[in-house]
Amino acid sequence: MPPKQALTYSNYYSNETDKQYLSATWFKKFMACEASALFELQNPTEIKSIPMLVGNYVHSYFESKEAHEKFIADHEKDIKTRSGTKRADFKKADRMIERLESTDLFNFIYNNPDNEKESIVTGELFGANWKGKIDSLNVEKGYFCDLKTTSRIDNTFWNPEERMRVPWFDEYGYGLQMAVYKKLLQLKYHKPFNCYIFAVDKTDIPAVDAFQVDQQRFEDGMAKIEEYQPRLLQVLAGETESRRCGHCDYCKETYQPTSFKSIDDIGSD
């Protein structure tokens, strides 16, 4: 079924369009904890974490001068102290911006004047409406870019399922996000697209690097969507009860014991 509302820059992040379109952000939230994600979707609140604001601050700078000025005006209390000076996190964000600006490959590929910034793309994946917003898109040359800010570029995390350490890119499910973008672009423009990741970290002397996403990560991302989406749609429609992960803040806050456990059960979940 076609969505009731067309996407624009002003309504892209609205609760109304979040309910009409699937997105990588919400898909990953539901995969992590259905109960928490469903509650958040039904009871939207503005969450302003400093890491998120720093990332958006950097993104807005490379979108346009107007977008950056608007972001600063909208979040002035978060960015500046009462005396009007920038807080330490945003001074660091300025250093991240300067580091990216001094990177020739970033300027040539991401900041290419022919690229469209924050390009909205929609389409149907496995029978459901999806949306995506692409940081930097060059349709003619067949590539799109995503800018990632991370704590450290060389960070890895222990993955209990794979029983090995994995890069931050995989830990945060960015392969699934890029798979969605790539597929939606291919459906719209009927041509192949390469995906390039530019990363800058939040260390005192920011490090930058550039990556190309491989085909296997695209395939893995689409496979996860194909496997989980039918259940997700049932949860969203109220046809299936949402699952609790038992570990997130929402689950801890709302948990009600219904019986007594054995001491040996501690840590077994």
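The values are calculated or read from the model by the stated rules, or taken from the named source; none is laboratory data. Computed from a predicted structure; not experimentally measured. FYI the Cβ positions are ideal-geometry reconstructions off the backbone, even for glycines, and counts take in every protein chain you see.
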Pairing a residue in the stretch 150-170 that is at pLDDT 95 or above and of a type outside the set (Asp, Glu) with any residue that is surrounded by 12 or more Cβ atoms within 10 Å (Cβ to Cβ) and assigned to a loop (DSSP other than H, G, I, E, B), where Cβ atoms lie under 6 Å and the two sit 6 or more apart in sequence or on different chains, gives Ile153/Ala207; Trp168/Asn155
The residue that is surrounded by the most Cβ atoms within 10 Å (Cβ to Cβ), considering only those in the stretch 1-46 that are under 14 Å from the mean Cα position of the chain (by Cα) and part of a loop (DSSP other than H, G, I, E, B), is Ser23
Scanning the stretch 224-269 residue by residue, those exposed (fewer than 10 other Cβ atoms within 10 Å of the Cβ), among the acidic types (Asp, Glu) and either free of Cβ contacts under 8 Å to residues at least 24 places away in the same chain or not in a helix (DSSP H, G or I) (or both) turn out to be Glu239, Glu253, Asp264, Asp265, Asp269
Among Ala24, Ala35, Ala93, the single one that is farther than 30 Å from Met222 by Cα, in contact with a helix residue (DSSP H, G or I) (Cβ under 9 Å, 6 or more places away or on another chain) and touching a residue at least 12 places away in the same chain (Cβ under 8 Å) is Ala93
- For Asp220, indicate whether it is of a type in the set (Asp, Glu), closer than 30 Å to Ala88 by Cβ, surrounded by 11 or more Cβ atoms within 10 Å (Cβ to Cβ) and touching a residue at least 12 places away in the same chain (Cβ under 8 Å). no
Of the candidates Glu118, Glu124, the one satisfying the condition of being acidic (Asp, Glu), out of contact with any Cys (no Cβ under 7 Å at 6 or more places or on another chain), assigned to a strand (DSSP E or B) and surrounded by 17 or more Cβ atoms within 10 Å (Cβ to Cβ) is Glu118
Residues of the stretch 102-115 being over 18 Å from Lys65 (Cα atoms), in contact (Cβ under 8 Å) with a residue 24 or more places away in the chain and assigned to a helix (DSSP H, G or I), in sequence order, are Leu105, Ile109
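Looking at this structure, is Ala88 of a type in the set (A, V, I, L, M) and more than 22 Å from the chain's Cα centre (by Cα)?
Judged against the criteria, Ala88 is a match.
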Exception for Ala73 within (1) more than 28 Å from Leu185 (Cβ to Cβ); (2) small (Gly, Ala, Ser); (3) surrounded by 13 or more Cβ atoms within 10 Å (Cβ to Cβ) falls at (3)
The number of residues in the stretch 187-200 that are under 16 Å from Asp146 (Cβ atoms) and either free of Cβ contacts under 8 Å to residues at least 60 places away in the same chain or not in a strand (DSSP E or B) (or both) is 5
What do you reckon, is Ile205 β-branched (Val, Ile, Thr), at pLDDT 95 or above, in contact with a Cys (Cβ under 9 Å, 6 or more places away or on another chain) and closer than 25 Å to Ile153 by Cβ? no
